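See structure below.
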Amino acid sequence: MAETAVNTGAALRANRGGGIWIFLGRRLSITLLTLFLVSLLTFLAFALIPGDPALLALGIEASDEQVQALRAEMGLDKGLPERYWAWLGKFLGGDLGNSARFRGASVTGMILERLPVTFSLAALSLVFMLLITIPSVLASVKKEGGIADRIFGALTALNISLPGFFLGVLFIWIFGILLRLFVPGAYVDYRRDPLAFAAYLAFPALALALPNAAILVKFMRAQILRQLRQDYVRSALARGAPWRRVLYGHALKNAAIPGVTLAGMIVGEIFAGSIVIEQVFAIPGIGRLLISSITSRDYTMVQTLAVYMAFVVVLANTLADIVIRIIDPRISAGSGRLP
């Protein structure tokens with residue numbers, strides 16, 4: 001009898017371990033396929049845009065011989081399939097080409113120079129989002145309809161209705177011009193003064209975090225209240241279980257599964273979508289580089305940044321699915337449902 005139980009437990013652990021590897025394999029396959037399709041669609045979108053990139057780079061005063069020579073150098077005289085595979089091979093090898101706007105500067109070098117700025121802004125924004133979300137959710141569900149719930153509900157509705165760029169302008173006016181807590185536009189490079197760099201990013205990160213935190217608070221509050229109305233919660237409370245144990249040990253864990261899915265989408269949006277905030281606060285990150293490349297029709301740079309942003313969003317959602325699987329191993333890969 002005991003030997004049978006031991007063998008059954010070992011089999012269950014083996015199945016669970018194998019299921020995790022199957023899950024990771026499926027998620028990796030889906031991620032790679034998604035990135036491939038994104039790269040293909042991005043390449044086709046820029047390849048089919050009207051206009052001649054070689055003529056755009058040389059100017060209208062260039063001779064036909066110069067234009068044809070540059071077209072051959074850029075591979076524009078070949079067919080689309082051959083051009084795509086050549087571009088993809090260079091992209092995977094780290095050869096992203098040169099920028100047409102920044103006098104032939106390396107696209108790879110320019111992106112790597114700005115990545116720490118954007119990632120620092122996004123990371124600080126995520127920290128602010130968690131610091132706002134967790135206490136707000138717990139205070140709201142502690143007593144539904146109470147004073148705290150009403151206050152956080154009003155603040156949540158206000159922050160959802162205000163876009164990030166408007167909050168940025170508002171922060172510049174209040175904290176920069178009126179209170180003089182920082183100097184708008186006086187960006188400090190992280191390599192020169194890390195503390196001043198972090199201090200300047202505080203208000204842009206807060207403007208980026210508040211609307212996303214409000215969305216997450218509203219969603220998590222609804223999910224936790226829904227769990228607290230389930231029969232298993234009533235049964236646990238009827239057996240004398242402490243309310244805090246029921247909230248943290250059961251309701252919060254079950255509500256975290258859809259919450260992590262939404263958080264993954266928000267994380268991808270924060271890392272890839274800080275374009276407007278960087279423009280408002282004059283932060284030399286990836287978003288500001290994208291805006292300047294679009295206005296100058298630097299297609300090489302725009303194409304690379306579009307693939308980068310897609311990669312960040314896909315990676316964030318993949319990590320969210322992995323976290324969900326860790327929280328509840330019964331969740332099937334990619335479905336968000338129990339098998």
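Worth pointing out:
- Scanning the stretch 94-138 for residues that are hydroxyl-bearing (Ser, Thr, Tyr), surrounded by 19 or more Cβ atoms within 10 Å (Cβ to Cβ) and not in a helix (DSSP H, G or I) turns up just one, SER99.
- Filter result (among the β-branched types (Val, Ile, Thr) and within 22 Å of VAL217 (Cα to Cα)) within the stretch 278-317: VAL313
Here is a yes/no grid of residues against (1) under 30 Å from MET301 (Cα atoms); (2) modelled with pLDDT of 75 or more; (3) assigned to a helix (DSSP H, G or I):
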{"residue": "ALA10", "(1), (2), (3)": "no, no, yes"}
{"residue": "PHE23", "(1), (2), (3)": "no, yes, yes"}
{"residue": "VAL38", "(1), (2), (3)": "yes, yes, yes"}
{"residue": "LEU44", "(1), (2), (3)": "yes, yes, yes"}
{"residue": "LEU56", "(1), (2), (3)": "yes, no, yes"}
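- Any hit, the stretch 140-148, residues being modelled with pLDDT of 90 or more and polar (S, T, N, Q): no
- Residue check for PHE171: in the same structural domain as LEU262 (by TED's automatic domain parsing), over 22 Å from the mean Cα position of the chain (by Cα) and aromatic (Phe, Trp, Tyr): yes
- Members of the stretch 61-86 found to be within 22 Å of LEU41 (Cα to Cα) and at pLDDT 75 or above, listed by number: LYS78, GLY79, LEU80, PRO81, GLU82, ARG83, TYR84, TRP85, ALA86
- Top-ranked residue in the stretch 139-187 [being among the aromatic types (Phe, Trp, Tyr) and in contact with a helix residue (DSSP H, G or I) (Cβ under 9 Å, 6 or more places away or on another chain); ranked as surrounded by the most Cβ atoms within 10 Å (Cβ to Cβ)]: PHE152
- Restricting LEU247, LEU262, LEU225 to residues that are under 32 Å from the mean Cα position of the chain (by Cα) and either surrounded by 19 or more Cβ atoms within 10 Å (Cβ to Cβ) or not in a helix (DSSP H, G or I) (or both) narrows the list to LEU247.
- Failed item, numbered, when ASP298 is tested on (1) among the charged types (D, E, K, R); (2) in contact with a Pro (Cβ under 9 Å, 6 or more places away or on another chain); (3) at pLDDT below 80: (2)
The values are calculated or read from the model by the stated rules, or taken from the named source; none is laboratory data. Small disclaimer: the values here were computed from a predicted structure and weren't measured. A quick note on method: Cβ atoms are made from the backbone with ideal geometry, for glycine too, and the neighbour counts reach across all protein chains shown.
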